[in-house]
1. Using only alpha carbon pairs under 8 Å that are at least six residues apart, calculate the relative contact order of the chain and give it in whole percent.
2. Please identify the DSSP H helices in the chain that span no less than 15 Å along the helix axis (Cα) and have a mean Kyte-Doolittle hydropathy of -1.0 or more.
3. Please work out the Cα center distance from the range 246-263 to the range 139-175, rounded to the nearest Å.
4. Suppose every Lys and Arg Cβ carries +1 and every Asp and Glu Cβ carries -1, with no other charges. What dipole size does the range 140-231 come out with about its Cα centre, to the nearest 20 debye?
5. Say a paramagnetic label sat at a point 7 Å from the Cα of LYS351, along Cα to Cβ; which residues of the range 249-275 have their backbone N under 15 Å from it?
6. Can you list residues whose amide H is under 5 Å from GLY131's amide H, if they're 5+ apart or on another chain and H is modeled 1.01 Å from N?
7. Which entries in LYS275/LYS305; LYS77/LYS351; LYS245/LYS305; LYS201/LYS295; LYS156/LYS305 show an alpha-carbon gap greater than 25 Å?
8. Compute the label zone of GLU122 within the range 320-352: residues whose backbone N is under 12 Å from the point 7 Å along Cα-to-Cβ.
Amino acid sequence: MARTAPPSSAIRRFAPVVVAWLVALACSPAATSPPSKAAAPAPASQAPPDPPSPATIPIGYLPPAAFQWSSYIAEDKGFNAAQAINLDATQLGTPNEAARAVVSGSLGIATFSIDATVRAIEGGGNLVAIGSEISNPAFAIIAQPTLRDYADLRGKSIAVSTPKDGAAVVLRMMMRAKGVGDDEYDFLAVGTTPNRYTALKSGQADAAIMTQPLDFVAVDEGFRLIGRSSEVIQHFMFMSVSANKTWAQENRPAVVRYLKALGAAIDWMYDPANKDEAIEILMARTRSERDAAAKTYTVFIEEGKIVPRHAEIPVQGLEAMLQAMVELGDLPAPAPSTARYIDLSYVQAAKE
């Protein structure tokens with residue numbers, strides 16, 4: 001059946017209703033339409049943080065050695081730059097010299113053996129350990145080829161930095177553990193490992209306590225490995241990151257960023273994907289051959305894991321060092337609390 005058009009009277013009756021409905025629709029609030037996501041501003045919490053203000057840190061290092069490997073990586077791989085940290089570096093000869101420079105305020109921070117930090121604080125120095133680059137040190141006693149074992153070191157001269165430095169502490173512990181008394185050999189104070197290596201090669205020293213990678217170089221040249229500290233020492237702290245206490249408090253944001261960069265460098269070094277490049281950095285910084293640098297990576301990272309994550313202070317290792325200093329007569333008994341020498345808050349802030 002055919003449809004018929006509505007009568008004109010019906011159209012006239014509904015026309016006002018339709019017009020009113022169209023007007024209402026045109027005037028309705030814009031909120032009834034879906035909002036444009038592109039136009040919505042990002043929440044304030046997602047706004048990128050302001051970049052840190054650049055800071056220069058006057059820092060001291062000992063002569064090139066693997067003990068400062070993470071510091072080399074932090075600089076060479078741009079971790080310091082990423083934290084807007086510029087290092088004004090000075091090379092120092094011995095740990096005690098480094099401690100004096102930081103106590104005097106001529107340097108803000110230096111990396112050196114923790115025993116020098118302890119002695120400086122005991123002497124009234126305005127110093128505090130805020131981090132660590134090395135826990136269990138992989139020291140080696142390297143001797144002339146004619147000397148075969150610990151017993152042969154009786155009556156001989158052994159090269160150290162000074163008779164009271166951290167390397168000498170470790171050496172005495174090693175010798176005692178093997179039955180050789182403190183009065184059965186002589187110390188030859190010549191400075192850090194590069195100087196000890198020179199004294200060994202020249203025949204000035206009968207033996208030397210050495211770090212990597214020069215100990216591997218010496219063995220390859222025919223000198224004899226008597227023993228390693230890892231054979232007799234466990235849970236030890238050696239290389240500290242120590243700061244002038246007042247300077248660190250006044251420059252806390254920069255110090256925290258410096259430790260953040262150091263921690264990132266350590267994470268990078270532990271990543272197996274970066275092994276070859278880490279070895280190359282050590283080769284360049286210490287002017288060593290690849291074989292020696294590769295063996296050092298094995299000792300430091302793959303076997304010993306002697307570089308503390310996040311540059312954290314190994315408190316148990318520091319307790320062991322303090323107890324050793326007491327037993328060797330370098331500190332009065334009982335061993336002091338570790339809290340006297342350290343401030344863990346800087347590394348904790350760097351981890352956040």
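1. Numbers: 600 pairs, mean separation 80.4, N = 352.
Dividing the mean separation by the residue count of the chain yields 23 percent.
2. Details: long enough: 8-27 (29 Å, 1.50); 166-177 (17 Å, 1.16); 252-270 (27 Å, 0.41); 275-286 (16 Å, -0.11); 315-327 (18 Å, 0.69).
Qualifying helices: 8-27, 166-177, 252-270, 275-286, 315-327.
3. A separation of 37 Å, based on Cα centres.
4. Working: 11 positive and 12 negative charges, 13 e Å.
Approximately 60 debye in magnitude.
5. So the set is 259-264, 266-267.
6. Amide H to amide H, under 5 Å and 5 or more residues apart or across chains, GLY131 pairs with VAL241.
7. Details: LYS275/LYS305 14 Å; LYS77/LYS351 19 Å; LYS245/LYS305 29 Å; LYS201/LYS295 21 Å; LYS156/LYS305 33 Å.
As for pairs spanning more than 25 Å Cα to Cα, those are LYS245/LYS305; LYS156/LYS305.
8. Zone members listed by number: 322-337.
We did not get these values from a lab; they are worked out from the coordinates using the rules stated. Treat the numbers as computed from the prediction; the structure is a model and nothing was measured. Every residue, glycine among them, receives a Cβ derived from its backbone with ideal geometry; neighbour counts consider all protein chains shown.
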